[in-house]
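> Please read through the structure below; I'll follow up with questions.
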Amino acid sequence: MLTNRFPPFALASTLLAAGSLACASSGPGGPTPEQTLALARLAGAWNYDEAATAQAANIRGVRPEDHLTQRASDVAMDQMRERGAGGDAVSGTDAGLRQTLLMVGITPRTLTMDVMADTLSLQYGREAPLVVPAGGDWADASTPQGSIEVRLRWDGDAFAVERRIPGGGTIRDGFSALESGHLLLTREIVWRQPQRVGLIVFGR
């Protein structure tokens, strides 16, 4: 049973903190000592936990990674309807939007965080690590899907990694620790406003 590993109050408070990143402001500069400590707590290698992800996301009868792909497809349909109804309701290029949705639907099997003096190295699966300035500045990066920009978005000592796709949207991955010792990734896609896509849970 996984129920005791994810106390409802612990998960609820974590989700509230992760969701608050959607309206938080962040700017360039060095991280505070508290922010550096928050990064250090989550440093190291993490492995995708399918059962824990299914429980946290309340998914029944489908693999969590398939659910995330379907949610990305649902978001795509919503955006297509907006573009059709409002002309240019969602700015961007078809190629950029396709790249965004492809990246949104990927569930990494592993996640590795390395914390340095002023950067966070984040590796999704077997992709090349993304080197993200710890203070909140945007930086150029490369992914198998193409060139992007990355940054850390801070709300106090809670943080999210944002990947901005040229001609597309922004993928926001909020990271937080559960009381069980697991790592919770809360994924949003941002065009005109943030949309929750799904949750992914990792264990050591």
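The values are calculated or read from the model by the stated rules, or taken from the named source; none is laboratory data. Computed from a prediction, not measured in an experiment: that's the story for all the values here. Glycine also receives a Cβ, built like all others from the backbone with ideal geometry; neighbour counts cover every protein chain displayed. Side chains are part of the model used for accessible areas, which takes the heavy atoms of the whole protein and leaves out ligands, DNA and RNA. Shrake-Rupley method; radii C 1.70, N 1.55, O 1.52, S 1.80 Å.
> Do we find that GLY203 is surrounded by 22 or more Cβ atoms within 10 Å (Cβ to Cβ), more than 16 Å from PRO31 (Cα to Cα), in contact (Cβ under 8 Å) with a residue 40 or more places away in the chain and over 15 Å from the mean Cα position of the chain (by Cα) in this structure?
No, not satisfied.
> Residue under question is SER176, and the condition is that it be under 17 Å from GLU127 (Cβ atoms) and either in contact with a strand residue (DSSP E or B) (Cβ under 6 Å, 6 or more places away or on another chain) or surrounded by fewer than 23 Cβ atoms within 10 Å (Cβ to Cβ) (or both); does it hold?
Judged against the criteria, SER176 is not a match.
> Wholly within region 125-204, which strands (runs of 3 or more DSSP E) include no fewer than the required count, namely at least 2 residues that are basic (Lys, Arg) and under 23 Å from GLU34 (Cα atoms)?
146-155
> From THR107, THR69, which residue is β-branched (Val, Ile, Thr), open to solvent by 60 Å² or more (accessible area, probe 1.4 Å) and within 20 Å of GLU188 (Cα to Cα)?
THR69
> Now for a different question. Out of the residues in region 150-169 that are under 14 Å from the mean Cα position of the chain (by Cα) and open to solvent by 20 Å² or more (accessible area, probe 1.4 Å), which is farthest from LEU101 (Cα to Cα)?
ALA158
> Right, next: In region 74-91, what residues are open to solvent by 40 Å² or more (accessible area, probe 1.4 Å) and at pLDDT below 75?
Across region 74-91, the qualifying residues are MET80, GLU82, ARG83, GLY84, ALA85, GLY86, GLY87, ASP88, SER91.
> ASP157 - would you say it is closer than 25 Å to ALA40 by Cα and modelled with pLDDT of 95 or more?
Numbers: closer than 25 Å to ALA40 by Cα: yes; modelled with pLDDT of 95 or more: no.
Judged against the criteria, ASP157 is not a match.
> Can you run down the residue pairs with Cβ atoms below 8 Å, 6 or more apart or on separate chains, where the first is in region 121-134 and free of Cβ contacts under 8 Å to residues at least 24 places away in the same chain and the partner is among the basic types (Lys, Arg)?
As it stands, the answer is GLY125/ARG109, since those pairs meet every condition given.
> Here is a further query. Would you check if LEU120 is in a helix (DSSP H, G or I) and either of a type outside the set (Gly, Ala, Ser) or in contact with a Cys (Cβ under 9 Å, 6 or more places away or on another chain) (or both)?
In short, no.
> Within the set of pairs 6 or more residues apart or between chains, which connect a residue that is within 19 Å of ALA76 (Cα to Cα) inside region 180-195 to a residue that is of a type in the set (S, T, N, Q) and crowded, with 18+ Cβ neighbours inside 10 Å with Cβ atoms less than 6 Å apart?
ILE189/GLN195; VAL190/THR170
> List the residue pairs whose Cβ atoms are under 7 Å apart, where the first residue sits in region 53-66 and is farther than 12 Å from LEU184 by Cα, the second is at pLDDT 95 or above and among the hydrophobic types (A, V, I, L, M, F, W, C), and the two are 6 or more positions apart or on different chains.
PRO64/ALA54
> Being more than 12 Å from the chain's Cα centre (by Cα), at positive phi and buried (at least 18 other Cβ atoms within 10 Å of the Cβ) narrows it down to one of GLY136, GLY125, so name that one.
The unique qualifying residue is GLY136.
> Moving on. Here's a check for you: in region 20-66, which residue that is part of a loop (DSSP other than H, G, I, E, B) and surrounded by 17 or more Cβ atoms within 10 Å (Cβ to Cβ) is modelled with the lowest pLDDT?
So the first thing to find is which residues in region 20-66 are part of a loop (DSSP other than H, G, I, E, B), and the list is 24-32, 42-43, 49, 58-63.
Still in the list and also surrounded by 17 or more Cβ atoms within 10 Å (Cβ to Cβ): 26, 31, 42, 49, 59.
Numbers: SER26: 45, PRO31: 88, LEU42: 97, ASP49: 98, ILE59: 90.
Going through the qualifying residues, I end up with SER26.
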